[in-house]
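Below is one structure; the comments refer to it alone.
The values are calculated or read from the model by the stated rules, or taken from the named source; none is laboratory data. No experiment lies behind these values; they were computed from the predicted model shown. For neighbour counting, all protein chains shown are included, and Cβ atoms are generated from backbone atoms with ideal geometry for every residue, glycine included. What goes into the accessible areas is simple: the full protein's heavy atoms, side chains included, and nothing from ligands, DNA or RNA. Shrake-Rupley method; radii C 1.70, N 1.55, O 1.52, S 1.80 Å.
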Amino acid sequence: MKSMRITDLKQNPIFNVVMLLLLGVITGFLSLLLGATTYGLQMFWSYFVSPMVLILNLIPPIILIFLVYFISGRAWIAFTFPSFVVLLLSAVQFFKVQVRGDPFIASDLTIIREAFNVQYYFEMTPNWKLFLSVAIWVGGIVFCILFLKYRQEKPIVRVVGSVSSVVVVAMLFVFVYSDSELYDKTEGGFDASPWSFAERFISRGFMYPFIHSIKYAFPVAPEGFDAVEARRMLDAFECGVIPEERRVNLISIMLESYADLSAFGVLEFKVDVYGPLHALQAESISGMSVNNVSIGKTIDTERLFLTGYTRLSNFGPGVLNYFRYVFSEHFTSSVNSYVHYLNAQGFHTEGYAAVAGWFYDRASVNRHLGFKSYYFLEHFEDSDQSDEFFFQTVQALYEARDRNVPYFSFNLSAQNHGPYDSTGTWEPYLIAQGDLSDEAFFILNNYLHGIFDTTWRLSSFIGGLRHDPEPVVVVVVGDHMPWMGNDGFVFNELGINVDLTTQEGFLNFHSTPFIIWANYAAREMLGNDFRGDGGSFSPSFLMGEVFSQLSWEGDSYMQALRELKAVIDVVSATTGAFRENGVLTPVLSSEAAGKYRDFRMIEHYWLNNFAPESNIHVK
């Protein structure tokens, strides 16, 4: 009799529906557990402070389960596949934050190939949360197979249920998950830093902010955008021409993970790793680039430098902004850039990146940026990612240039990309270990071995240009701070403040050095000794600073950008932070906000309305 009751229960539609609902809730909680990532149980329990955070994160797995249930009519199918998708996305979030420090957003799905190739080199450490999630998922499948036997066979019920589920999904996305006002006021009890996009994202769970990010996977015009007015404001600046007598050759070099750790004053160096850098800084305009990114995502710094855009795309209104790493929706055709401007001024533009051309679509993107020729690893026999090969190639390209026209190159290194071995290290030891753990010491010493090599090769490369009779200016900048262990534990052991709730920590975590160096011929031609403090600012402003040192006006957009820099010199798309008149702030003053709003109109117009080089006016 008991056996019959259990059998009846297995076939009971209400029991099956209730159990699927429960399994959906459990999947949602597991997603929250994984989505809390390295912030652990403190973040997980903070979700329970806000019922809205819980509801908005639990709804997606429940809806997906019932959608598949109506389509398939089978409970085990309804649970297995939707829960797998939800938990897989949550696991990606778990590892991505652990390794790279930033959350998993919808536009990351467009760069799966790049992500797999990069993450392969990082150590991803699973823990009990992942094992528990897998165990419960497998247990849920077994439970469905053994105990949820009811099969919905009526076509009308399945069709109505499927259509209704799709309608509910669409309405929820449009009216709830895409609602920016709701998003801004919905967060758990975790005290998220106003400077940390990652913390603000994760404090809302995972599925909710992930779905919300879908609406920003495509370009969004600034609120109140008026193309006619934007064009009028842009036309107020007259596009400048580079005078013949000031046309020097310009070489730009972006160095992978290049940071001056000696500047923090916490390491005891046994070898003067940064000596050649400091010597170059003394004879250059030197400063700091306050990058949007840290640890990775070079293409953000790279493309902001080449275009002057303050962001690659929007993530939310107001100060809640983020970027698409690939930026493919704009870069599938020609886009305004400083490369196109230099082409119009008669420069030959080219460069070399020590990566494969497909990586972040650089082969096609750099063509759309305007480069006449661009080279990657595959263009050279026996190429590698060492800085020895890198600087040899940059020098060879420069020496092979057409000397009848001015020259511009942009070159990207790869040698010092993290992670760095934490199980052993090269000798000699470049620093004293002191109180550092073995793991931290190994990471640091291995990183510094690469930086030592890079610095000497950079010094040698520039030294070879010093007496070149041709005037040449070299711009060198680090793309982002290096990986210093998962969760940045090496910074913590060193006592370096990387607390993003403080201005000091924010700048420490996001700043890398730059120099603008000129050889004797360029100094004489330009009447500028190229020495002094270049200040600190976002990479969007760096090319403008270079042009100013060369007394080049630049195009209309660059001139609008200079006006913005006079008031706001840091625009951090990843955190929503600005630096207004030297003070980091999440909210601009009314005057600065007005200037920024006008600039954003110009920027959006310039980004989406390509001006062919033949149409760039020359006085």
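Residue-by-condition table, conditions (1) more than 25 Å from Cys239 (Cβ to Cβ); (2) of a type in the set (Val, Ile, Thr); (3) in a strand (DSSP E or B):
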site: Thr349; (1), (2), (3): no, yes, yes
site: His368; (1), (2), (3): no, no, no
site: Glu381; (1), (2), (3): yes, no, no
site: Asp384; (1), (2), (3): yes, no, no
site: Gln392; (1), (2), (3): yes, no, no
site: Gln395; (1), (2), (3): yes, no, no
site: Tyr398; (1), (2), (3): yes, no, no
site: Val405; (1), (2), (3): no, yes, no
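Name the single residue that is surrounded by the fewest Cβ atoms within 10 Å (Cβ to Cβ) among those in the range 23-41 being farther than 11 Å from Gly205 by Cα and modelled with pLDDT under 95.
Leu41
Conditions (1) more than 14 Å from Glu283 (Cβ to Cβ); (2) modelled with pLDDT under 95; (3) within 21 Å of the chain's Cα centre (by Cα); (4) buried (at least 20 other Cβ atoms within 10 Å of the Cβ), marked per residue:
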site: Glu493; (1), (2), (3), (4): yes, no, no, yes
site: Gly505; (1), (2), (3), (4): yes, yes, yes, no
site: Ser511; (1), (2), (3), (4): yes, no, yes, yes
site: Ile516; (1), (2), (3), (4): no, no, no, yes
site: Gly527; (1), (2), (3), (4): yes, no, no, no
site: Gly535; (1), (2), (3), (4): yes, no, no, no
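Which of the residues belonging to the range 336-357 are more than 21 Å from the chain's Cα centre (by Cα), under 14 Å from Leu369 (Cβ atoms) and small (Gly, Ala, Ser)?
Ala344, Gly351
Looking only at the range 90-99, decide whether some residue is open to solvent by less than 30 Å² (accessible area, probe 1.4 Å) and not in a helix (DSSP H, G or I). Full working, then the answer.
Going through the range 90-99, the residues open to solvent by less than 30 Å² (accessible area, probe 1.4 Å) turn out to be 90-91, 93-94, 96-99.
Going one step further and asking which of them are not in a helix (DSSP H, G or I), we end up with none.
So far as the range 90-99 goes, no, none of its residues is open to solvent by less than 30 Å² (accessible area, probe 1.4 Å) and not in a helix (DSSP H, G or I).
Give the residue, chosen from Ala259, Ala236, Ala230, that is over 26 Å from Ser536 (Cα atoms), small (Gly, Ala, Ser) and open to solvent by less than 10 Å² (accessible area, probe 1.4 Å). Can you show your working first?
Numbers: Ala259 fails: over 26 Å from Ser536 (Cα atoms); Ala236 fails: open to solvent by less than 10 Å² (accessible area, probe 1.4 Å).
One residue alone meets the criteria, Ala230.
Go through (1) open to solvent by less than 40 Å² (accessible area, probe 1.4 Å); (2) at pLDDT below 95; (3) out of contact with any Gly (no Cβ under 9 Å at 6 or more places or on another chain) one by one and return the number of the condition Leu87 breaks.
Every condition holds for Leu87 apart from (2).
Anything in the range 416-434 that is open to solvent by 10 Å² or more (accessible area, probe 1.4 Å) and either of a type in the set (Phe, Trp, Tyr) or more than 24 Å from the chain's Cα centre (by Cα) (or both)? List them, or say none.
If the condition is that a residue be open to solvent by 10 Å² or more (accessible area, probe 1.4 Å) and either of a type in the set (Phe, Trp, Tyr) or more than 24 Å from the chain's Cα centre (by Cα) (or both), then Tyr420, Ser422, Thr423, Gly424, Thr425, Trp426, Glu427, Pro428, Tyr429, Ala432, Gln433, Gly434 are the ones that fit.
Under 8 Å between Cβ atoms, at least 6 apart or on separate chains: pull out the pairs that start in the range 114-139 with a residue that is part of a loop (DSSP other than H, G, I, E, B) and end on any residue that is at pLDDT below 95 and open to solvent by 60 Å² or more (accessible area, probe 1.4 Å).
Pairs found: Tyr121/His417.
So if I check each of Val163, Val241, which one is β-branched (Val, Ile, Thr) and either more than 30 Å from Trp552 (Cβ to Cβ) or in a helix (DSSP H, G or I) (or both)?
Numbers: Val241 fails: either more than 30 Å from Trp552 (Cβ to Cβ) or in a helix (DSSP H, G or I) (or both).
None of the other options fit; the residue is Val163.
Could you grab the pairs with beta carbons closer than 7 Å, sequence gap of 6+ or different chains, first residue in the range 352-369 and at negative phi, second one open to solvent by 30 Å² or more (accessible area, probe 1.4 Å) and assigned to a helix (DSSP H, G or I)?
If the second residue must be open to solvent by 30 Å² or more (accessible area, probe 1.4 Å) and assigned to a helix (DSSP H, G or I), the pairs left are Ala354/Leu377; Val355/Leu377; Ala356/Leu377; Ala356/Glu378; Gly357/Ala363; Gly357/Glu378.
Is it true that some residue in the range 189-197 is open to solvent by less than 80 Å² (accessible area, probe 1.4 Å) and more than 23 Å from the chain's Cα centre (by Cα)? Give the derivation first.
Initial filter on the range 189-197 (open to solvent by less than 80 Å² (accessible area, probe 1.4 Å)): 189-190, 192-197.
Subset that is more than 23 Å from the chain's Cα centre (by Cα): 189-190.
So far as the range 189-197 goes, yes, one or more of its residues are open to solvent by less than 80 Å² (accessible area, probe 1.4 Å) and more than 23 Å from the chain's Cα centre (by Cα).
Read through the list (1) free of Cβ contacts under 8 Å to residues at least 40 places away in the same chain; (2) in contact with a Pro (Cβ under 8 Å, 6 or more places away or on another chain), then give the number of the only condition that Asp529 fails.
Checking Asp529 against (1) free of Cβ contacts under 8 Å to residues at least 40 places away in the same chain; (2) in contact with a Pro (Cβ under 8 Å, 6 or more places away or on another chain), the one that fails is (2).
Among (1) on the phi > 0 side of the Ramachandran plot; (2) modelled with pLDDT under 95, which single condition is Val498 missing?
Answer for Val498: the failing condition is (1).
Would you check which residues across the range 70-81 are in contact (Cβ under 8 Å) with a residue 40 or more places away in the chain and either open to solvent by 10 Å² or more (accessible area, probe 1.4 Å) or over 27 Å from Lys154 (Cβ atoms) (or both) and list them?
First, the residues of the range 70-81 that are in contact (Cβ under 8 Å) with a residue 40 or more places away in the chain: 70-71, 73-76, 78-80.
If the condition is that a residue be in contact (Cβ under 8 Å) with a residue 40 or more places away in the chain and either open to solvent by 10 Å² or more (accessible area, probe 1.4 Å) or over 27 Å from Lys154 (Cβ atoms) (or both), then Phe70, Ile71, Arg74, Trp76, Thr80 are the ones that fit.
Tell me, which residue of the range 200-236 that is outside any helix (DSSP H, G or I) and in contact with a Gly (Cβ under 9 Å, 6 or more places away or on another chain) is farthest from Pro103 (Cα to Cα)? Before you say what the answer is, go through the steps one by one.
Initial filter on the range 200-236 (outside any helix (DSSP H, G or I)): 203-206, 217-226, 236.
From the residues that got through so far, the ones that are in contact with a Gly (Cβ under 9 Å, 6 or more places away or on another chain) too are 203-206, 220, 223.
On the way: Ser203: 11, Arg204: 12, Gly205: 11, Phe206: 9, Val220: 20, Glu223: 26 Å.
Checking each candidate, the answer is Glu223.
Of the residues Ser413, Ser437, Ser409, Ser373, only one is exposed (fewer than 15 other Cβ atoms within 10 Å of the Cβ) and within 27 Å of the chain's Cα centre (by Cα); which? Give the derivation first.
Working: Ser413 fails: exposed (fewer than 15 other Cβ atoms within 10 Å of the Cβ); Ser437 fails: within 27 Å of the chain's Cα centre (by Cα); Ser409 fails: exposed (fewer than 15 other Cβ atoms within 10 Å of the Cβ).
The unique qualifying residue is Ser373.
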